[in-house]
Structure formats: structure tokens, C-alpha cells
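Asker: Encoded as C-alpha cells, here's the structure I'll be asking about.
Computed from the coordinates by the stated procedures, all read-outs in this text should not be read as laboratory data. Note that the coordinates shown come from a computational prediction; the quantities given were computed from them, not determined experimentally. So basically every Cβ, Gly included, is an ideal-geometry build from the backbone, and we count neighbours across all protein chains shown.
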Ligand code: TXA
Ligand code: MG
């Protein structure tokens, strides 16, 4: 595995000697960890079924869970999906950025069935990270990329975390420093009469509803074939138990605090990390996964968290916390 460290805010990397071998590795079906503004992705050529199989294998991910394809522009995305007026407006308003659109897949799209898990829809995203868009453009490939963590574990927001979960499976790690958003993209399906919010994430629901001029609905619950199968109940799981809406710290617990939300017996906590001293939800989202990993690494049995406001990015934070707190299936324990 080769680690390539770049400064995301310069564009010197455009002429770097690493670009060519990374594109070649992708064309050869190898796995490359890519930075995005949300979390690091485990990328492979989305048109190559075997390469996508390697993603599932490296992550230990259940086969039925489809992948998001990352592209350099909305035009490149339209090669693969059918964008109606609503989808076009969302792409225009939020791309590049932390929004994934699930739209009907074009019959002519070469994206493999393994990437879409055989669905008739395709998940497309144009990430904010310039280096990742550049790699998609230079390789000429849609890049299938789930979060670069082992299935069911916490998503990585730094290259070190990627390497500790998946190092041996990777050809390259493109290290552009910490991810600024810190929670995954919001997933919206525009494939039926009503726009659906499949996963809250880095683009707040309120902003999307404003552009659409209508509310985002929840997908119908279909336990056998979930609309966003990645939304398995237990996901984003640290080894420690997670206790939500805590009003006090119990003996032996670590505290994941938020702003100045009052919590009794805070001095009992084995470790305290504050998601955002100022109670800023954007900062809290950016710190969430790294802080959960950090507290987990102390070996503590339980992490307690006070109530976090459910507006804006708070919806995504609460969604991830709820999943981290959910009972674990035995194979993930
Ligand atoms: O921010 C992100 O979206 C990150 C970065 C790397 O871009 N990626 C990410 O991917 O979170 P992943 O694989 O962890 O989550 C993809 C989600 C899953 O919940 C999956 O079920 C859903 O997208 N998905 C993919 N294709 C879909 C489809 N055709 N219909 C419904 N859901 C789909
Ligand atoms: Mg994930």
C-alpha cells in the first residue's frame, strides 16, 4: 500500500507523479482509499463487477448492500442516471457536495449490477473534494465507494483510521487530511412520485426541502428489501455500548458531551470529549466518528451522550448515534 499525502487547498497535486499509477490501479480493478468531504471512501471501478466484489470482500459487507458511484460532475452523473426536473434542481443546488441522489439507472449505463446490487436505481454523488473529482475525471471511471471501514464499524474521517481498518487491502491511500463534514452524505431518492429521504447526512433536510418546494418523505419500511439497505439497524458500531439521552454519567462511563448541555456527575466520567464546546452542530458532525473511535479505544464499556438537538445536521448526528446504540447482531458483536 502506498500513502500519498496532499494539501487539498492547493492544486499542485494535479501534476503529481502519483495520479497516473492511481488511475492505472483503478483501471486494473484495485482498491484505492479516497478522501471526500464527508468520510473516506473505499473506491474501485464501478463498471467492473470483480473490482466491486473486492470492495464487499475487503469490508466484509453483506452482498445486498449497494454502493454509491462518485463522479466529477453532474454531466458525468447524467450518463448513468435519469434526472427529472427535481433531481436536476438538487444536483444544481448541492453538487459538488454531501448529497447522494438515487435515480432510475439508464439502461446504457456501464455501472455493474454488483455496484447497484441488482436494483433498477443507481446512487450517484459528486463529492466536494477536488482530488477525488479529478481522479474520476482522469481515470474516466465512475468510482464506487462506500465508507472505508469494516462493515458495521465507525466510518473513517482520517487516513490513519482507513489504514488501521483496511490497509492491507489497498493499493493507494490518498491522504488529504481530516474530512471537514464528518458524517456521510444525505441520500435522497428521486425515483417515484415523492422525493424520499433515505439517509440523513451532511446536507440538512431543511435545505433540500427548500429547493424542492416539498417535504422529503420517509421510505416505506420493507424489512426484507430496505430502500437504503445500508441502513441496517446496527451500524456505525463502536465496541463500547452507547447510552443516549443521558442526564448523568454513571460510574465507569465515558462522556461524549455536546456544548454546555447539562449532565450530572460529569466528573465521574473516565474520559470526556466535547463534540463542540460552542454547541455548533457542524463542528459536532465533523468530530463525531473520530471522537467515538477515540473513546472506544480507551477500552471503556459504555459511552454516554446527552440529548443532541434534532435540527439541521443534528438529524444525521442523531441517526448515527441511534445506530451505534442499537443492539448488535451476533456477527458484529
Ligand atoms: O458520504 C458518503 O456517502 C460516503 C462517501 C465515501 O462518499 N459513502 C457512503 O457509502 O456512505 P456507503 O456505502 O457506506 O453507504 C451507501 C448507502 C447505503 O446505505 C446503500 O444502501 C445506499 O447508499 N444505496 C446505494 N445505492 C442505492 C440504491 N440504488 N437505492 C437505495 N439505496 C442505495
Ligand atoms: Mg458506511
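Asker: Only Cα pairs under 8 Å and at least 6 apart count here; give the relative contact order of the range 74-137 as a rounded whole percent.
Answerer: 39
Asker: Which of 186, 108, 100 moves the most in a Gaussian network model of the chain with Cα springs under 10 Å?
Answerer: Largest GNM mean-square fluctuation: 108.
Asker: Out of every Cα pair in the range 40-163, what percent are spaced more than 22 Å from each other?
Answerer: 31
Asker: Using a simple spin-label model with points 7 Å from Cα along the Cα→Cβ vector, what separation in nm is obtained for residue 137 and residue 209?
Answerer: Using points 7 Å along Cα→Cβ, the separation is 3.6 nm.
Asker: What is the order of 265, 85, fewest Cβ neighbours within 10 Å to most?
Answerer: Arranged by neighbour count, lowest to highest, 265, 85 become 85, 265.
Asker: Based on alpha-carbon centroids, what's the gap between the range 255-333 and the range 92-109 in Å, whole number please?
Answerer: Measuring centre to centre over Cα atoms gives 31 Å.
Asker: Once the Cα gyration tensor of the range 1-48 is diagonalised, what are the square roots of 5 times its eigenvalues, in whole Å and ordered largest first, as equivalent ellipsoid semi-axes?
Answerer: Taking √(5λ) for each Cα gyration eigenvalue gives 19, 14, 9 Å.
Asker: Further, regarding this structure: Which ordering of 94, 289 is given by a fewest-first count of other beta-carbon atoms within 10 Å?
Answerer: Least crowded to most crowded, the residues run 94, 289.
Asker: Same structure, new question: Using a cut-off of under 20 Å, list every residue of the range 267-288 whose amide N is near the label point 7 Å from the Cα of residue 150 along the Cα-to-beta-carbon line.
Answerer: Within reach of a label on residue 150, which here means backbone N under 20 Å from a point 7 Å along Cα→Cβ, the range 267-288 contributes nothing.
Asker: Could I ask something else about it? Anyone know which of 43, 297, 74 comes out most mobile in the 10 Å Cα GNM of the chain?
Answerer: Maximum among the listed residues: 297.
Asker: Using the per-residue mean of other Cβ atoms lying within 10 Å as a proxy for protection, in what order, highest first, do the peptides 127-139, 28-40 fall?
Answerer: Top to bottom by mean Cβ count within 10 Å: 28-40, 127-139.
Asker: When the Cα atoms of the chain are enclosed in a convex hull and the volume is divided per residue, what value in Å³ results?
Answerer: For the chain, the hull spanned by Cα atoms encloses 128 Å³ per residue.
Asker: Below 8 Å between Cα atoms, with a sequence gap of 6+, how large is the relative contact order for the chain in percent?
Answerer: 19 percent.
Asker: Would you mind calculating the relative contact order of the range 151-310 from Cα pairs under 8 angstrom and at least 6 residues apart, reporting the percent as a whole number?
Answerer: Reported as a whole number, the value is 24 percent.
Asker: Percent antiparallel among DSSP beta bridges with both residues in the chain, to the nearest 5?
Answerer: Among the beta bridges of the chain, antiparallel pairing accounts for roughly 40 percent.
Asker: Among 185, 164, 169, which comes first, second and so on when ranked by fewest other beta-carbon atoms within 10 Å?
Answerer: Starting with the residue having the fewest Cβ neighbours, the order is 164, 169, 185.
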